[in-house]
1. Report, to two decimal places, the Cα Rg of region 242-299 normalised by 2.2 N^0.38 Å (N = number of residues).
2. Taking other Cβ within 10 Å of each residue's Cβ, how do LEU294, LEU109 sort, fewest first?
3. Between GLU119 and THR251, what is the label-to-label distance in nm when each label sits 7 Å out along the Cα-to-Cβ direction?
4. Quick one: what does P(r) look like for region 212-274 with 5 Å bins over all Cα pairs, in whole %?
5. Counting other Cβ atoms within 10 Å of each Cβ, which trypsin sites (Lys or Arg not before Pro) in region 171-255 have at most 14 and sit in a DSSP loop?
6. Could you give the spread of the C-alpha atoms of region 173-298 along their three principal axes, from largest to smallest, in whole angstroms?
7. Sorting LYS34, LYS80 on the 10 Å Cβ count, fewest up front, what's the list?
8. Rounded to the nearest 0.05, what FRET efficiency do ILE189 and ARG72 have when you use their Cβ-Cβ distance and R0 = 51 Å?
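Since every read-out is calculated from the coordinates, none of them should be taken as a lab result. Note that this is a predicted model, so its numbers are computed, not measured. Cβ atoms come from the backbone with ideal geometry, glycine included; neighbour counts cover every protein chain shown.
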Amino acid sequence: MKRQIISIDEKKCTGCGDCIPGCPEGALQVIDGKARLVSDLFCDGLGACIGHCPTGAMTIESREAVPYDEKRVMHESIAKGGANVIAAHLRHLIDHGQNDFLQEALDYLDEAGIANPLEQQLVESHQPEVQSSNRANHHVHHGGGCPGSKMMDFSSNGSRATSSASLPAQPRESALRQWPIQLHLVSPIAPYYQRSDLLLAADCAAFAVGDFHGAFMSGKSLAIACPKLDSGMEIYVEKLVAMIDMAHLNTITVAIMEVPCCGGLMSIVAEALQKASRKVPVKKVVISLQGEILLEEWV
């Protein structure tokens, strides 16, 4: 069978990281100043990252490939990148629950006489212990990888929401002033955008913040987008340019989650501002995975 895999020209790569938000699988990381494909396993070969590379360092190559072989990937790609790339790959497998492949990777390191760069890390992990063929149990660090794809359980926090929700209270009125709201669907010159304060929110933000309407939406026009899963980022840029120049936006508030991929919304706004003829104040709001405001500043 043939597989399409991203190929990175290290000579052209500047390590800018623009490709990272464009990789839905979290298979890319910037390590030692260069973008690295840390997991062939999770590269779908669709090339979403290519459009974000300003130097043309990324291409898609099609090659014959047997069913995925972790040891082969370790030998032909990962191990050659050095200890930091190996560590990132191991964490990537952990974050995606690929314990069988993780075992094969550790076995390969044993067989090749390569030190496990995570062996000395003593941070407790919720992942199962993984045994290599020639060593005792290895506790592998759970950190690293993309937190946007990581499984997390906040159910222990549910009691607070349940208890407050059970109290009698007047339901809050919706602060939504328009429809549609998805950035692909809106008209940038719609009446509700004219001279408005725009809230550009990541899709997940409203589900993380308990009082999203009251905290962010009051008096604002709205557009939502996901820089990780949506296609047509260039369309988003052009729509924002039109909103700035033709709808004469007053301000833009960008509400994003703390996960790295969400930073793509700020990049889209920055590119739109460079292309627009008007200058508009921009506020950046970063929200934690449990709905706390981590950062709120004008940029």
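1. 1.19
2. Fewest-to-most ranking of LEU294, LEU109: LEU294, LEU109.
3. It works out to 5.5 nm between the two label points.
4. Result returned by the calculation: 3, 16, 27, 25, 19, 9, 1.
5. Those that pass, being in a loop and sparsely packed, are ARG172, ARG177, ARG195.
6. Here the Cα extents, ordered largest to smallest, are 37, 32, 26 Å.
7. LYS80, LYS34
8. 0.40
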